[in-house]
Amino acid sequence: MCERDQFSAINRPVNRRQFGALGAAGAVAACAPMEPMDTEATGLVERQVTFAADGGTMDGVFIHATSGSAPAAILWPDIAGLRPAKIQMGRRLAESGYSVLVPNPYYRSVAGQQFEDFSDWRNNNGWERVTPWREVNTPAAVMATARSVAAWLDDQHAVDSSKGIGNLGHCMTGSWTIYCAHAVPDRIKAAASFHSGGLTRGEDMAPVNLLGDLPADSGVHIGIARDDNASSEGMKAELEAAAAAASADVSVELYDGDHGWTVLDSPAYAREPAERAWSNLLALFSRTL
């Protein structure tokens, strides 16, 4: 649920199995500085981008095929922000046929990469550093950001603007995916939220209360971590009730992984449930974009 005590309790380092899941090139990329990949070898173009967005200048990495156009996808980083592990996840998504923007979620406060990896965030006062950056990202601010990002994507030659835009987020940004779909319902058609916090926090703008407003041609997948489920009584049932009442295609699944299980450099990364989450993400995007 993106609570401080939860992160403090995670002490195990990234292990060999996590890097095995990436393969040799992916393992290096996930821990290296954010440098462009070999275009000729991958068939993908990767470039750092900046553009005007609500409240500041958005920066991020845009990854797409060397030719043609494809549906756009937004991969929102988690609480540790823009970093190599997230870029590697963006590359994998681009290889599946999407033009992927990995934005800096803290652009309103700081530019670029702030942490090397999740361990750097955890061991170097990450919570304290990001707290003021997180606080400016209110639901209204996130929705304004979504409008800026969607408009920028639609102007890119690598984006097939006749298709909907997908977005996915983890931890802090899991809730953002639903805010984004709510903010730009005619363009953002898919939202995948994994081990998110704040989905059912008891206010009008809680994401659970927005699911019913999404159009019938959109889709949402909410992946709940087992420890989040154990500590949040009634969350899963509330989300399932909202999903059943929604016009959109909304699914809710409890995964056999703890908070952070999908993220390559997270100490909680678990390959089997992470691959299941990835398959569900691709299926959602295939149905709705």
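A few notes on this one:
- Scope the range 85-106; condition surrounded by 24 or more Cβ atoms within 10 Å (Cβ to Cβ), assigned to a loop (DSSP other than H, G, I, E, B) and over 14 Å from the mean Cα position of the chain (by Cα); matching residues: Tyr98
- Test: residue in the range 63-74 that is buried (at least 21 other Cβ atoms within 10 Å of the Cβ) and in contact with a Pro (Cβ under 8 Å, 6 or more places away or on another chain): yes
- Filter result for Ile79 (within 24 Å of Gly164 (Cα to Cα), within 17 Å of the chain's Cα centre (by Cα) and in contact (Cβ under 8 Å) with a residue 12 or more places away in the chain): no
- Residue that is nearest to Arg129 (Cα to Cα), among those in the range 70-115 that are polar (S, T, N, Q), out of contact with any strand residue (DSSP E or B) (no Cβ under 6 Å at 6 or more places or on another chain) and at pLDDT 95 or above: Ser109
- Residue match in the range 152-168 (condition: within 24 Å of Tyr255 (Cα to Cα), out of contact with any Phe, Trp or Tyr (no Cβ under 6 Å at 6 or more places or on another chain) and not polar (S, T, N, Q)): yes
- Taken together, Arg122, Arg47 contain a single residue that is basic (Lys, Arg), surrounded by fewer than 22 Cβ atoms within 10 Å (Cβ to Cβ) and at pLDDT 95 or above, which is Arg47.
- Extreme residue, surrounded by the fewest Cβ atoms within 10 Å (Cβ to Cβ), among residues of the range 202-251 that are part of a helix (DSSP H, G or I) and touching a residue at least 60 places away in the same chain (Cβ under 8 Å): Ser231
- Residue tally, condition small (Gly, Ala, Ser), surrounded by fewer than 23 Cβ atoms within 10 Å (Cβ to Cβ) and in contact (Cβ under 8 Å) with a residue 60 or more places away in the chain, over the range 252-273: 1
- Scanning the range 159-174 for residues that are small (Gly, Ala, Ser) and either more than 22 Å from Leu82 (Cα to Cα) or open to solvent by 10 Å² or more (accessible area, probe 1.4 Å) (or both) yields Ser161, Ser162, Gly164.
- Residue check, Met172 farther than 17 Å from Pro77 by Cα and touching a Phe, Trp or Tyr at 6+ places or on another chain (Cβ under 9 Å): no
- Scan of the range 52-78 for residues that are under 12 Å from Gln156 (Cα atoms) and in a strand (DSSP E or B), ordered by number: Phe62, Ile63, His64, Ala70, Ala72
- Among the residues of the range 185-196, those identified as buried (at least 20 other Cβ atoms within 10 Å of the Cβ) and part of a loop (DSSP other than H, G, I, E, B) are Arg187, His195, Ser196.
- The set of residues from the range 131-155 being open to solvent by less than 30 Å² (accessible area, probe 1.4 Å) and either at pLDDT below 95 or within 27 Å of Ala283 (Cβ to Cβ) (or both) comprises Val142, Met143, Thr145, Ala146, Val149, Ala150, Leu153.
- Residues satisfying the stated conditions in the range 162-184, i.e. in a loop (DSSP other than H, G, I, E, B), of a type in the set (Gly, Ala, Ser) and in contact with a Leu (Cβ under 8 Å, 6 or more places away or on another chain): Gly164
The values are calculated or read from the model by the stated rules, or taken from the named source; none is laboratory data. Nothing here was measured: the structure is a model prediction, and the numbers come from that model. Glycine also receives a Cβ, built like all others from the backbone with ideal geometry; neighbour counts cover every protein chain displayed. We work out accessible area using only protein heavy atoms, side chains counted, and drop any ligands, DNA or RNA first. Shrake-Rupley method; radii C 1.70, N 1.55, O 1.52, S 1.80 Å.
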